[in-house]
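**Student:** Here it is, the structure, as structure tokens.
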Protein chains: 4
Amino acid sequence: MEKKTLLTDCPDAMGLISKITNICYKHQLNIVHNNEFVDHSHSQFFMRTELEGYFNDETFLFDLDRALPEGSHRRLVGSQRKRVVIMVTKEAHCLGDILVKAFDGTLDIDIAAIVGNYDHLGSLAEKFDIPFHHVCHEGLSREEHEAKLQDAIDQYSPDYIVLAKFMRILTPSFVAKYPSKIINIHHSFLPAFIGAKPYQQAFERGVKIIGATAHFVTNDLDEGPIITQNVIPVDHNFSAADMARAGRDVEKSVLSKALGLVIDDRVFVYGNRTVIL
Amino acid sequence: MEKKTLLTDCPDAMGLISKITNICYKHQLNIVHNNEFVDHSHSQFFMRTELEGYFNDETFLFDLDRALPEGSHRRLVGSQRKRVVIMVTKEAHCLGDILVKAFDGTLDIDIAAIVGNYDHLGSLAEKFDIPFHHVCHEGLSREEHEAKLQDAIDQYSPDYIVLAKFMRILTPSFVAKYPSKIINIHHSFLPAFIGAKPYQQAFERGVKIIGATAHFVTNDLDEGPIITQNVIPVDHNFSAADMARAGRDVEKSVLSKALGLVIDDRVFVYGNRTVIL
Amino acid sequence: MEKKTLLTDCPDAMGLISKITNICYKHQLNIVHNNEFVDHSHSQFFMRTELEGYFNDETFLFDLDRALPEGSHRRLVGSQRKRVVIMVTKEAHCLGDILVKAFDGTLDIDIAAIVGNYDHLGSLAEKFDIPFHHVCHEGLSREEHEAKLQDAIDQYSPDYIVLAKFMRILTPSFVAKYPSKIINIHHSFLPAFIGAKPYQQAFERGVKIIGATAHFVTNDLDEGPIITQNVIPVDHNFSAADMARAGRDVEKSVLSKALGLVIDDRVFVYGNRTVIL
Amino acid sequence: MEKKTLLTDCPDAMGLISKITNICYKHQLNIVHNNEFVDHSHSQFFMRTELEGYFNDETFLFDLDRALPEGSHRRLVGSQRKRVVIMVTKEAHCLGDILVKAFDGTLDIDIAAIVGNYDHLGSLAEKFDIPFHHVCHEGLSREEHEAKLQDAIDQYSPDYIVLAKFMRILTPSFVAKYPSKIINIHHSFLPAFIGAKPYQQAFERGVKIIGATAHFVTNDLDEGPIITQNVIPVDHNFSAADMARAGRDVEKSVLSKALGLVIDDRVFVYGNRTVIL
């Protein structure tokens, strides 16, 4: 018996659930979990179906493709562990959280490598026996630097790239190479405080809550589809530095949670939004 | 075109989603929203299906009953407004919240009557033109009092009875008359601080968070199936009275939220638990 | 024995707590609660002192003024109930919450009047026997409308004006007449989604959390000092209308909480920030 | 210039703030932060004063002792880093979080050693070059085991002992050796679900929120003074195992937060309660 997950994303039509689940039934695949969502404003249908049984992928997908309307996307995903490359700068908390969670199995991922534009976190990578690539940006054009980053990353053929407080802006051409594969943590409750120094901005605005946002990276800075967000309360006692310190826990838990959702194939990207099933 | 909601609760079996949605499809009923849940530990299947179309209830349910396994429960609920009787003692906040939410349509209910064991809230009921019954408990045995409560309630044939800070314990025989129909707000994060004076208990224990719990009332005091809960932070500055004051907002929002879920037919009661779809 | 609250706001200096509390001690005033805060980045000192005893305001303030550095502000506030005028448009939830909280004493305020640019909420005002002024904006210039609003308000000499979902933008000249006296609820987690239709903006951005912000109104739209904020989670199931419905509870609780802090003289306005003691 | 923190805990009396801050002023010590709290129900006064200046501890404390009422406790704490011994069983998340936070300076502690009744976490300790003591409980009486634990701990003379998911019950005689020095994380929102398997208990009760509680350990199991608590929402989709997995993040952040408060000398223990200034 195997476990696989069917992800369906197609224009809405009458009887879709019936058609898809009929095919599962016909193939003697047991539905362990099923979630669906219809965006009625865009008439788009999403379904995530955890299946158990003996799969003949070819005939199953053949049957599905005949049943689904034009413009459908469907994927049948096996349960193999996802490969991840983590990009960092100097801050340890997000990286450290992912490392510990991979160590104890909370995150079922294979951390292929860590890439830093500084070498500050090399010793932390080494503790967990993960290859660390120091790809220094100094003296390089943005394009030259990104070419080197790409070299470092691509040798591992990662399923996902996690920006764990990687503090460099990536160019559209770099981002375009990894569509819906780069996950970033932004240290604000987006869309508040886009751009640099969000805690300083938050301090100056005098907000009473700060947050963090995990999102897929697209061409527009801090504008990609949001996966998850969380917040913590602050008050007048917090300097910008206090906010940054207090924000670490929420940053890391938001990023780890987003990564967990993505590797469990629970996140559909849809325009600039996500549907999480 | 009508809207109805199908609620299915039955032993799990292969192909259930397929069978049920096939029948909807065959009857030309469009699935507007669908949610299902399988409790794998008890092999129990739950599904809530919002349907739109031209209903022939009889043939639709006939087809369903032939398809569903033995031991199934299913209900097809129309969109008529639910009738509610609210029971109170002296505190206004939960009642006031429900009254305002019924007034502005946030809660789509028909408040048939308010029953109080004190008359403190009669003037509030009157403001909103709701019949108020003062059923004083003084000088009566518990049975006599409950007989009078029952008289006051039953003339309205309510779908649900809401205990909006009704501070009397109801006997098992009273409760048994309204199975899964009585919703209570308990002013603690159950199962912490069962029984009387939960804020005083919370203060004495020195907790840093207080909460409220909305639950169906069963024979065991504060032990019925939980519908929803929420909490707020407190600290050493809070006396028991401060906690009670701060707790009002969370009590009322938890009770209103639970009531909203119940009247939308989203709550399945299941052993001592709820499944909310 | 009387209770009064001393509010001190002055440039920081060594020994300020000592000097102020010495004067209280000398005047035989017991300190029931004391909170202070120093903004070290601006060297500004804030203290809120709840006092109990027999007050000679004149000699007490005379002693204080001699002890405090130049540029100090201090106020000795008695415990009389604050007068409030509430401005509304069509939505009932914030107004309803304040009315019920004034009714049951949760908010110890005197609601002098309700002013609406529509008459939708007149019946709700009437239930609670509060004068309602319908000041229609149709056919009037902004200045003419605000002149009429001002007439309606000023006859009650309110301590504070609460914009309880008042959906008109007020001009700087109107706002300037009531400095640090107008409290607004904005239905977003500011500074995200400034301006019109924040829930629609939130929906389009695909955020996973929505919020509400209570702030003092200054000349810049949605830019005044923030008093309090809160948030609730949302997901892909929420349309913009669903967000608006779900947001009502957080809007009203944030506004009521801010109002409670303000009438308890716990909020210092300080540049574009608040210090809450 | 040095920084020290004065912690005062004494029967309430008129003029205490004045007397204490006068002495600071007289000794030319600048008050960087000051917080005080009076428990009016027990007439007990608490004050935490961060001071900056040139300290003569002896004369300063002499002056203080003359000014404070009988039954006073006061401590003047320097800014040296606290020594901590961490006790664990098999779960890595709380230990991992503290290790990463000590690594990047978020927690300014000296982790002297890690003591485990299993050896599962020895490799994690080794990664961070912390001595690990495997003190196996098998084949030993509780007293024998605790004697060995004590040997392992006492050689490091720790300021605090952190039970980071140490899953053995400690005897009163062991606990009595380290009064107000042992910090435990309990994986429930205490006082709900005291004792073993709290997530299983939470699952069976059908709660909609789970939590974690950090507290000082006293003789009564799970009954010591609570330092901090936090919660996360759950629903019917969560099995007991899912709750345990989801609870890890809240457990570790609650424990780390409590530890941070304790090492910053912000926690007063007071009966079975804490005052956090």
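**Student:** Not counting ligands, DNA or RNA, and with a 1.4 Å probe, what is D:ASP108's accessible surface area in Å² rounded to the nearest 10?
**Tutor:** Rounded to the nearest 10, that gives 80 Å².
**Student:** Loop by DSSP (not H, G, I, E, B), at most 14 other beta-carbon atoms within 10 Å: where is the longest site-free stretch of chain C for GluC sites (Glu not before Pro)? Write down the numbers at each step before the final one.
**Tutor:** Details: sites that count: C:GLU70, C:GLU138.
In chain C, the maximal stretch lacking such sites is C:139-277.
**Student:** What distance in nm separates the simple spin-label points at D:GLU52 and C:ARG245, each placed 7 Å from Cα in the Cβ direction?
**Tutor:** So the two model labels end up 5.4 nm from each other.
**Student:** Scaled to the compact-protein estimate 2.2 N^0.38 Å, what is the alpha-carbon radius of gyration of region C:66-117, rounded to two decimal places?
**Tutor:** Numbers: Rg = 16.7 Å, N = 52, 2.2 N^0.38 = 9.9 Å.
Against the empirical 2.2 N^0.38 Å value, I get 1.70 for region C:66-117.
**Student:** Gain in length, D:ASP119 to D:MET167, computed as 0.36 nm per residue apart minus the alpha-carbon separation, to one decimal in nm? Intermediate values should be presented prior to the final figure.
**Tutor:** On the way: separation 48, 0.36 × 48 = 17.28 nm, distance 1.34 nm.
Result for the pair: 15.9 nm of gain on full extension.
**Student:** Now for a separate question. Less than 10 Å Cβ to Cβ from B:LYS19, Lys/Arg counted +1 and Asp/Glu -1: what total charge do the surrounding residues give?
**Tutor:** For residues surrounding B:LYS19, the net value is 0.
**Student:** Tell me, what is the FRET efficiency for A:HIS42 and A:ASP108 to the nearest 0.05, using R0 = 35 angstrom and their Cβ-Cβ distance as r? Present the calculation step by step, with values, prior to reporting the outcome.
**Tutor:** Values: r = 33 Å, r/R0 = 0.93.
Efficiency at R0 = 35 Å is approximately 0.60.
**Student:** Next question, about the same structure. Principal axis lengths of chain D from Cα atoms, whole Å, largest first?
**Tutor:** Dimensions of chain D along the principal axes of its Cα atoms: 60, 41, 36 Å.
**Student:** For the protein assembly as shown, what is the charge dipole size about the Cα centre, in debye to the nearest 20, if Lys and Arg each add +1 at the Cβ and Asp and Glu each add -1 at the Cβ? Kindly include the intermediate steps, with their values, before the conclusion.
**Tutor:** Working: 116 positive and 148 negative charges, 1 e Å.
Dipole size: approximately 0 debye.
**Student:** Could you tell me the total accessible area buried at the B-A interface, probe 1.4 Å, in square angstrom to the nearest hundred? Show your work: numbers first, answer last.
**Tutor:** Values: alone 14000 and 14010 Å², together 26370 Å².
Interface area, both chains combined: 1600 Å², rounded to the nearest 100.
**Student:** What's the Kirkwood radius of region D:1-148 in Å, using all Cα pairs?
**Tutor:** About 18.6 Å for region D:1-148.
**Student:** Placing unit charges on C-beta atoms (Lys and Arg positive, Asp and Glu negative, everything else neutral), compute the dipole magnitude of region D:105-184 about its Cα centre in debye, rounded to 20. Show your work: numbers first, answer last.
**Tutor:** Values: 7 positive and 12 negative charges, 59 e Å.
In debye, rounded to 20, region D:105-184 gives about 280.
**Student:** Just to confirm my numbers, what's the Cα centroid distance between region A:21-93 and region A:224-238 in Å?
**Tutor:** Region A:21-93 and region A:224-238 have Cα centres separated by 31 Å.
**Student:** Nearest 500 deg cm²/dmol is fine: what mean residue ellipticity at 222 nm does chain C get from its DSSP H runs of n ≥ 4 alone, each adding -39,500 (n - 2.57), divided by its residue count? Walk me through the numbers before you get to the answer.
**Tutor:** Numbers: 8 runs with 89 residues, N = 277.
The helix-only estimate for chain C comes to -10000 deg cm²/dmol at 222 nm.
**Student:** Within 10 Å of each Cβ in peptide D:83-96, how many partner chain Cβ atoms are there on average? Round it to a whole number, please. Present the calculation step by step, with values, prior to reporting the outcome.
**Tutor:** On the way: counts 0, 0, 0, 0, 0, 0, 0, 1, 1, 6, 6, 1, 2, 8.
Other-chain Cβ atoms within 10 Å of each residue's Cβ, averaged: 2.
**Student:** Place the label 7 angstrom along Cα→C-beta at B:SER180 and in each other copy, then list the distances from the first to the rest in nm, shortest first.
**Tutor:** Those separations, rounded to one decimal, come out as 3.9, 5.3, 5.7 nm.
**Student:** In terms of the ratio Rg/(2.2 N^0.38 Å) built on C-alpha atoms, what value belongs to region A:2-77? It would help to have the intermediate numbers written out before the result.
**Tutor:** Details: Rg = 11.6 Å, N = 76, 2.2 N^0.38 = 11.4 Å.
Its radius of gyration relative to the 2.2 N^0.38 Å reference: 1.02.
**Student:** Of the heavy-atom accessible surface of chain D (probe 1.4 angstrom), what whole percent is carbon and sulfur?
**Tutor:** Roughly 48 percent, rounded to a whole number.
**Student:** Of C:HIS186, C:PHE103, C:ALA147, whose Cα points farthest to the positive end of the dipole of region C:84-236 (charges on the beta-carbon: +1 Lys, Arg; -1 Asp, Glu; origin at the Cα centre)?
**Tutor:** My answer, from the dipole projection, is C:HIS186.
**Student:** Could you tell me what percent of the DSSP beta bridges with both partners in chain C are antiparallel, to the nearest 5? Present the calculation step by step, with values, prior to reporting the outcome.
**Tutor:** Numbers: 39 of 56 bridges.
Roughly 70 percent of the beta bridges in chain C run antiparallel, per DSSP.
**Student:** Right, something else. What is the residue of chain C with the smallest Cβ distance to the axis taking C onto A, and what is that distance in whole Å?
**Tutor:** For chain C, the closest residue to the axis carrying it onto A is C:ALA192, 2.
**Student:** Turning to a different aspect of this structure: More than 21 Å apart: what percent of Cα pairs in region A:203-277 qualify?
**Tutor:** Details: 1000 of 2775 pairs.
Everything past 21 Å amounts to 36 percent.
**Student:** Against the globular-protein guess of 2.2 N^0.38 Å, express the Cα radius of gyration of region B:135-204 as a ratio, rounded to two decimals. Numbers along the way, then the final one.
**Tutor:** Values: Rg = 13.9 Å, N = 70, 2.2 N^0.38 = 11.1 Å.
In units of the 2.2 N^0.38 Å rule of thumb, it is 1.26.
**Student:** About the Cα centre, and with charges only on the beta carbon of Lys, Arg (+1) and Asp, Glu (-1), how big is the dipole of region B:2-77? Nearest 20 debye, please.
**Tutor:** The calculated dipole for region B:2-77 is roughly 120 debye.
**Student:** Okay, moving on. Sort largest first and round to whole Å: the equivalent ellipsoid semi-axes of region D:105-245, each the square root of five times a Cα gyration tensor eigenvalue. Walk me through the numbers before you get to the answer.
**Tutor:** On the way: eigenvalues 156, 61, 51 Å².
They are 28, 17, 16 Å, listed from largest to smallest.
**Student:** Under 10 °C and 1.306 mPa s, how fast does the protein assembly as shown diffuse according to Stokes-Einstein, given a Kirkwood radius computed over C-alpha pairs? Answer in µm²/s, whole number. Let's see the in-between values first.
**Tutor:** Values: Rh = 32.1 Å.
Answer, rounded: 49 µm²/s.
**Student:** While we're on this one: In region B:13-29, what residues drop by 10 Å² or more of accessible area when the other protein chains are put back, versus the chain on its own? Use 1.4 Å, and skip ligands and nucleic acids.
**Tutor:** Those residues are B:MET14, B:GLY15, B:ILE17, B:SER18, B:LYS19, B:THR21, B:ASN22, B:TYR25, B:GLN28.
**Student:** I would also like to ask the following. Where only protein heavy atoms count, and the probe is 1.4 Å, what is the accessible area per residue for region C:132-277 in Å²? Please report the intermediate quantities before stating the final value.
**Tutor:** Numbers: 5490 Å² over 146 residues.
For region C:132-277, the solvent-accessible area averages 38 Å² per residue.
The values are calculated or read from the model by the stated rules, or taken from the named source; none is laboratory data. None of these values were measured; they are calculated from a predicted model. In this analysis, Cβ positions are derived from the backbone assuming ideal geometry, glycine residues included, and neighbour counts consider all displayed protein chains. Side chains are part of the model used for accessible areas, which takes the heavy atoms of the whole protein and leaves out ligands, DNA and RNA. Shrake-Rupley method; radii C 1.70, N 1.55, O 1.52, S 1.80 Å.
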